[in-house]
Amino acid sequence: MFKEIESVPNFPEQEKQTLKYWQELNVVEKLKNLRKGSKAKVYYDGPITANGLPHYGHAITWTMKDVIPRYWAMKGYYVDRSMGWDTKGILVEYEAEKELGFKSKEDIKTYGEAKFIQYCRDFVAKFQQVIMDYEGRLGRWFDPAATYSTADAAYVESMWWALKELYKKGLLYEGHKTVAYDTRAGMTLSTHEVADGGYKEVEDSYVTVRFRLVKEPDTYFLAWTTTPWTVPGNLMIAANKDLKYAKVLVGGEKYIVAKDRVDTLFEGKNKKILEELSGAELEGLEYDAVFKFFENKRSEGCFRIILSSHANADEGTGLVHLAPYGEEDYELFMKLGISMFDYLNDVGHFTSMIPQYEGLFYKDANSKIIDDLQTMGSLFATGKILHRMPIGSRTGTPLIYKPVKSWYIATSKIKDKMIEQNQLTNWYPEHLKNGNAGIWIQNARDWALSRTRYWGTPLPIWVNDETGEQIFIGSFAELEEKSGAKVTDPHRPFVDEITWKDDVKGGTFRRIKDVIDVWFDSGCMPFAHVHYPFENEDKFKQVMPADYISEGPDQVRLWFYVMHVVGVALFNQIPYKNVVTIGTMLDENGKKMSKSKRNYKPMDEVLDQYGADILRYFVLNSQIVKGSDAIFKEDYLIEARKEFFLILWNSLKYFSTYANLYELKPSQE
């Protein structure tokens, strides 16, 4: 007799029974043993950040990470079902700060560094089991023995080895550059992170400032900026050699501006153009500094007009104020050999370098600076303007471009090899190879690696506090040999307590305080999850490169990209063969699903009502698996249930009913 089939199926309850059966059977271990010795297929599990409850985006990636390995196993291959945890970085720190009610990075110091780091560890741990439960419920199989964490000491040691290797190859260097900076997080952001928060319209004050010519005291350059807080750091003014400029007489004073901006700037005023000038004629003209804080830099060639293509007549005055806080500004200063400075601290407050505004947050200083410009007679105009600003993905804070001393990976040196290796990879959708992925690689900039944060992988550089000598450590054994101290926990603050004296030259070696970009942790996954090169050398050769990886579209410039950088830098090859980039699930109005907006039905409610198989079926039959976005409606699950699952169920019931009626005896052959 065949089992009697219910007329009305309860798919969620049946899935629970199946999951229980799999657990009792220990199916993953059983399958692993069954396939041992078979030809292997390798996929990488991009480490998930355990900083909150899972959402539909996770459901999609988990489905894609399960269905391909499941297919391979059915075809007779051995598949190591790994699972990874990305446990550190600002993604965790900021969520922990919010939970603790912190308002700034300074609150961490008050709370206590060791206590805060332990809180971050506990914060991650409380979500890990929840996430594993969800993954299991969605039908994904993973092997607990193949699970890794970026916080594991062995994983960190592999990263230390990698960093030292990059240093020895000349691909890791310390430099002073202007980089994207989040003042709330108190840290730099690498290029691949900036786009993560997107851009939005932000209202800011603008100022047009009068700069008096040295050789013509009755004539002023008018320079425009949307960052009044940078005016105290003004070093130069940029003109465009291809623009026409005009010297204009207005109210008894003379101004030099782009000719095309004259009518707008002096609207409603009596004006007379006295002379037309080319941008090239302005080059080298000196002007008086409005603020005198950096007058000493005149000896370096500052406070004069230089030529740059980014000065234009689309807005402003056609003359651009230049200060250390800006990417284009920085590049110009470097070409001219002008040394940089930074008068903001790590949370965006003015330092004692400019005592007049010391302690003020840079945004709050705007109004005072504008008032002071007015008092000094240097303010021509001010107002409000909406402009697009990059936004910190976690903090929601507008980013600034700040001159920061940091450690960089010289991505520019390996860019050609990365472009070559990218052509060897199969991208799906195919257009990504030379589209988003290819363009991102072609525009690659050196990677700002170091972070002034707490819960991250420490940069393993010890510096002599007297001689300045640097020692790069590449293993725990090497550190123990130098210091005599055993590494019990390679994170702050414990590793910072390891020091040693130089008995010959004097001084004490102390670790620099920086940690590294958490994306480097993820990028090291191909070798660090097996503790290469300290063990598992044969296994590493078997799992590098991966046959398959899959994640969402944002990972083209994140996980996919950083693995590519690290793989080429260390091993001269891209660490994966095939990439499937999935699309995004949108709400029924076509908007991106957002936890803060709560514009979707909670996933556990959907699983309780419809079951995981129906959700997986919807995902796998949608445009999402082809790299396109797809709208999610509950109606689609109802339709999938009716048009596939109920038909399948009723077919089974039909078979069971008539097989029993006619006493069908299955053949044992």
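Compactness of the chain is given as radius of gyration and Dmax, 30.4, 111 Å, from Cα positions. Straight Cα distances below 17 angstrom link Lys200 to the aspartates and glutamates Asp182, with same-chain residues fewer than 8 positions distant left out. Extension gain for the segment Glu535 to Arg510, taken as residue separation times 0.36 nm less the Cα-Cα distance, is 6.1 nm to one decimal. Taking 0.36 nm per residue of sequence separation and removing the Cα-Cα distance, the Glu216/Asp288 pair yields an extension gain of 24.9 nm.
So what's the angle, to the nearest 10 degrees on a 0 to 90 scale, between helix 56-74 and the longest Cα principal axis of the chain? That helix lies at roughly 50 degrees to the long axis.
Between Ile439 and Asp554, the distance separating the two model label sites (each 7 Å from Cα on the Cα→Cβ line) works out to 1.9 nm. Against the empirical curve 2.2 N^0.38 Å, the C-alpha radius of gyration of segment 5-77 lands at a ratio of 1.39. Leaving ligands, DNA and RNA out of it, report the carbon-plus-sulfur percent of the accessible area of the chain at a 1.4 Å probe. Exposed carbon and sulfur together represent 49 percent of the surface. Taking the inverse of the mean reciprocal distance over all distinct Cα pairs, the Kirkwood hydrodynamic radius of segment 298-358 comes to 13.4 Å. Seen against the Cα atoms of the chain and their longest principal axis, helix 153-168 is set at about 40 degrees. For a modelled paramagnetic label at Ser339, 7 Å from Cα along Cα-to-Cβ, the residues of segment 157-194 in reach, with backbone nitrogen under 14 Å, are 176.
With the simple spin-label model, which puts each label point 7 Å out from Cα in the Cβ direction, the His310 to Glu588 separation comes to 4.7 nm. Protein heavy-atom accessible surface, 1.4 Å probe, per residue over the chain: 46 Å².
Straight Cα distances below 14 angstrom link Lys601 to the aspartates and glutamates Asp587, Glu588, Glu634, Asp635, with same-chain residues fewer than 8 positions distant left out. Taking amide H as placed 1.01 Å from N in the peptide plane, Tyr576 has its amide H under 5 Å from the amide H of Ala546, each at least 5 places away in sequence or on another chain.
Ranked highest first by the average count of other Cβ atoms within 10 Å around their residues, in what order do 348-354, 55-61 fall?
Values: 348-354: 17.3, 55-61: 20.1.
In descending order of packing, they fall as 55-61, 348-354.
With a Förster radius of 41 Å applied to the C-beta separation of Ser412 and Lys16, the computed FRET efficiency comes to 0.15.
By the Kirkwood approach, averaging reciprocal distances over each pair of separate Cα atoms, segment 490-563 gets a hydrodynamic radius of 15.6 Å. Computed from Cα atoms, the angle from the helix 362-376 axis to the main principal axis of the chain rounds to 10 degrees.
Quick note on segment 261-316: its Rg to Rh ratio, both from C-alpha atoms and Rh being the Kirkwood radius, is 1.04.
Centre-to-centre separation between the Cα atoms of segment 183-236 and those of segment 30-91: 47 Å. Normalised by 2.2 N^0.38 Å, where N is the number of residues, the C-alpha radius of gyration of segment 413-509 stands at 1.63. Near Lys417, which lysines are there with a Cα under 23 Å away, not counting those fewer than 8 places off in the same chain? Partners found: Lys164, Lys168, Lys169, Lys433, Lys541, Lys577.
Please give the contour-minus-distance gain from Asn296 to Met353: 0.36 nm per residue of separation, less the Cα-Cα distance, rounded to one decimal in nm. Provide the component values of the computation, followed by the final result.
Details: separation 57, 0.36 × 57 = 20.52 nm, distance 1.33 nm.
Between Asn296 and Met353, full extension yields 19.2 nm more.
If you average over every viewing direction, what projected area does the convex hull of the Cα atoms of segment 430-566 give, in nm²? Mean projected area of the Cα convex hull: 10.6 nm². Separation of segment 388-439 and segment 530-568, taken as the distance between their Cα centroids, equals 17 angstrom. Considering only DSSP beta bridges with both partners in the chain, what is the antiparallel share in %, to the nearest 5? If we restrict to bridges inside the chain, about 75 percent are antiparallel. Looking at this model, which pairs from Lys177/Lys501; Lys272/Lys292; Lys241/Lys402; Lys297/Lys413; Lys126/Lys592 are more than 29 angstrom apart at the alpha-carbon? Pairs exceeding 29 Å: Lys177/Lys501; Lys272/Lys292; Lys297/Lys413. In this label model, Asp604 and Lys653 are separated by 3.1 nm, measuring between points 7 Å along each Cα→Cβ vector.
The values are calculated or read from the model by the stated rules, or taken from the named source; none is laboratory data. Remember, it's a predicted structure, so these values are computed and weren't measured experimentally. Please note: Cβ atoms are built from the backbone with ideal geometry, for glycine as well, and neighbour counts cover all protein chains shown. These accessible areas exclude ligands, DNA and RNA; they are computed on the full protein's heavy atoms, side chains included. Shrake-Rupley method; radii C 1.70, N 1.55, O 1.52, S 1.80 Å.
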